[in-house]
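Throughout, read-outs are computed from the coordinates displayed, never taken from laboratory work. The structure presented is a predicted model; accordingly, all values stated were derived computationally and were not measured. Note that we place each Cβ from the backbone using ideal geometry, even for glycine, and neighbour counts take in every protein chain shown.
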Amino acid sequence: MKTRIPAIARKESLHILRDWRTLLIAFVLPILLILLFGFAITFDIRDLKLAVADEDRTAASRVLIERFTGSRYFRLVATASDPGELTALLDSGEAQIVLSIPKDYGRNVERWEGDTVQVLLDGSESNTATIAAGYVEAILAGLNIATVKNVLSRGGIPSKGIPPVDMQIRVWFNPEVNSTYTIVPGLVAVIMVVIAALLTSLTVVRERELGSLEGLIATPARKHEIIIGKMLPYLALTLIDCLVVAMMGVVVFNVPFAGSLLLFSGTALVFAVAGLSIGLFASVVASNQVLANQIVILTTMLPSLMLSGFMFPIKSMPGWLQVLTYALPARYFVTICRGIMLKAQPADNLVRPTVFLIIFGAVLLSLAVVRFEKKL
C-alpha cells in the first residue's frame, strides 16, 4: 500500500525553509546555548583568595606556600606576620582560606618529625569550602610524597619510617579533573532535548490555529502518516544540530571526542526521535501555541538540568526521585555522550540507555498518534 509519509514530509520541509523562526531555533539557538552554558557553568573554583602567616620563613615553608600559589586554584592576597591576624582577614571576606605555618616547620620536616599546619576555610559557602578542602588535601598529599622521595633519593631513611604504601592516584578519561569535560557532553543532551521538543511543539497546533489543518484532514492520509511525516524533516534537523553542538564543544572548549562518530550519530538519531516525540505530543494535546511551548519548557528544560545526572549524581537523590528520572530521555543521552566522547565506549556498553530511549520515543510517539484527531 502506498504511503503518504514522504508527501507530508516534503510539505513540512517546505514550511521549515520558509519559516525563519524555525530555522533560528534549529541552527542559532543551540549554538548560543552551548556557548552560554559552556562558559557559565563550571564545577571548578579558581582564584580562591589565600592569606598566609609564615612564622618559619625557611626554604621548606616557601615550598609549601608555592604549592598553593603555583596552582590555578589559589591566589595570594595577603601575608601576615602574626597568625592572629588571619582570623580578621577571614571574617572580613578579604580571604577565603588562610594558611598558618608554625615556627620550626622546616626543621621538623627535615628531621621527619612531622608538624601541624593550620588551614582555615570560610564555610559560609559550603560548596566552595568543600571543594577548596579537596584542593588542600591534594596539595598536601603531593607535598608529602615529594618529601619522601626527596629523602630516599639522598640515601636517607626517615627516622619515623616511611609510608608502607606509596599511593599513586591516577584519574582516567579526565586526568586534569576538568569539569568542562564533564559539563559539555551533558550540555549536548540537555540543550538538544529542549530544541528537539521546541521544533515540533507547534507543528499541529499552529496549523489548527491558522486553519491549514483542515486541508490536511481532508486528505486520505492516516493519523500515523501525518504525525510521522511531520516529524521526519525535524529529525534530520535535530541530528545535524547534535553534531554541530558536539563539534562546538570539541572546538571551543577543547573537550576530547575519543569515541566513534558513527556510533554517536546513531544514538543521537534515536535520542532525536524521543525528543521530537515530546514536542509532537505537546502539539497534539495543547489548545494553542503558547500552551504547547509551556508544556515543552516545563517538561524538558528544568527536569533535564536538575534530574538527568547532568549537574547532580542521580545516585545521591532520594529513591522516589530516582524513579522519576527514568522518564527523562536526557538522562540516557547524558550517559551516552559522556561514554562516547570521554571514554570511547563501544556500542555494547550503550545498549541499555539506547533501548530506554527507543522505548520512550515509541511510547510517546504512539500516544501522539492516538491523541491526534482528524477533525477540527
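Net length available on complete extension from F43 to M311 is 95.6 nm, with 0.36 nm assigned per residue and the Cα-Cα distance removed. Placing +1 on the Cβ of every Lys and Arg and -1 on the Cβ of every Asp and Glu, with no other charges, gives the chain a dipole of roughly 1960 debye about its Cα centre. Shown in residue order for segment 239-248 are the 3J(HN,Hα) couplings computed by the Karplus curve 6.51 cos²θ - 1.76 cosθ + 1.60 at θ = phi - 60°: 4, 4, 4, 4, 5, 5, 5, 4, 5, 4 Hz (x for Gly and Pro). Model label sites at L17 and D82, defined 7 Å from Cα along the beta-carbon direction, differ in position by 8.0 nm. Legend: calculated FRET efficiency, I145 to N254, from the Cβ-Cβ distance at R0 = 22 Å, rounded to 0.05, equals 0.15. Against the main long axis of the alpha-carbon atoms of the chain, helix 289-307 sits at an angle near 30°.
Taking a straight Cα-Cα cut-off under 12 Å and skipping sequence neighbours fewer than 8 places away in the same chain, the aspartates and glutamates within cross-link reach of K230 are E12, E207. Computed extension length for V363-L291: 23.7 nm, one decimal, from 0.36 nm per residue of separation with the Cα-Cα distance subtracted. Measuring r between the beta carbons of L243 and E373 and using R0 = 45 Å, the FRET efficiency lands at 0.80. Taken along the Cα-to-beta-carbon direction at a fixed 7 Å, the label points for D91 and Q322 span 4.5 nm. Note on the chain: GNM, Cα springs under 10 Å; of P102, P185, P256, the largest mean-square fluctuation is that of P102. Principal axis extents of the C-alpha atoms in segment 48-153 (largest first, rounded to whole Å): 42, 27, 20. Measuring nothing but how far apart in sequence close Cα pairs (under 8 Å, 6+ apart) lie, relative to its length, the chain scores a relative contact order of 20 percent. Annotation: amide H-H contacts under 5 Å for F74 (H modelled 1.01 Å from N, sequence separation of 5 or more, or interchain): D47, L48.
Scoring 50-58, 204-212 by mean Cβ neighbours within 10 Å over their residues and listing the highest first yields 50-58, 204-212.
Angle of helix 261-285 to the longest C-alpha principal axis of the chain, folded into 0 to 90 degrees and rounded to 10: 60°. Each Cα pair of the chain feeds into the Kirkwood radius, which the Stokes-Einstein equation turns, at 10 °C and 1.306 mPa s, into a diffusion coefficient of 65 µm²/s. Against the chain, whose longest principal axis is taken from its Cα atoms, helix 329-343 shows a tilt of about 50°.
Taking θ as phi - 60° and the Karplus parameters 6.51, -1.76 and 1.60, the scalar couplings of segment 197-209 work out to 5, 5, 4, 9, 5, 10, 4, 8, 5, 5, 5, 5, 5 Hz in sequence order, x denoting glycine and proline. Based on alpha-carbon centroids, what's the gap between segment 1-53 and segment 230-248 in Å, whole number please? Result: 9 Å between the Cα centres. In this simple spin-label approximation, R352 and L29 carry label points 7 Å from Cα along the Cα→Cβ vector, and these lie 3.3 nm apart.
Kindly work out what percent of the DSSP beta bridges joining two residues of the chain are antiparallel, to the nearest 5. About 25 percent, rounded to the nearest 5. The 3J(HN,Hα) values that the Karplus relation (6.51, -1.76, 1.60; θ = phi - 60°) gives for segment 363-372 are, in residue order, 5, 6, 5, 5, 5, 5, 5, 5, 6, 6 Hz. Gly and Pro appear as x.
Secondary structure note: in segment 48-153, about 25% of the DSSP beta bridges are antiparallel.
Once amide H atoms are placed 1.01 Å from N in the peptide plane, what residues at a sequence separation of 5 or more from A80, or on another chain, have their amide H within under 5 Å of its amide H? So A80 has HN proximity to V52, A53, D54.
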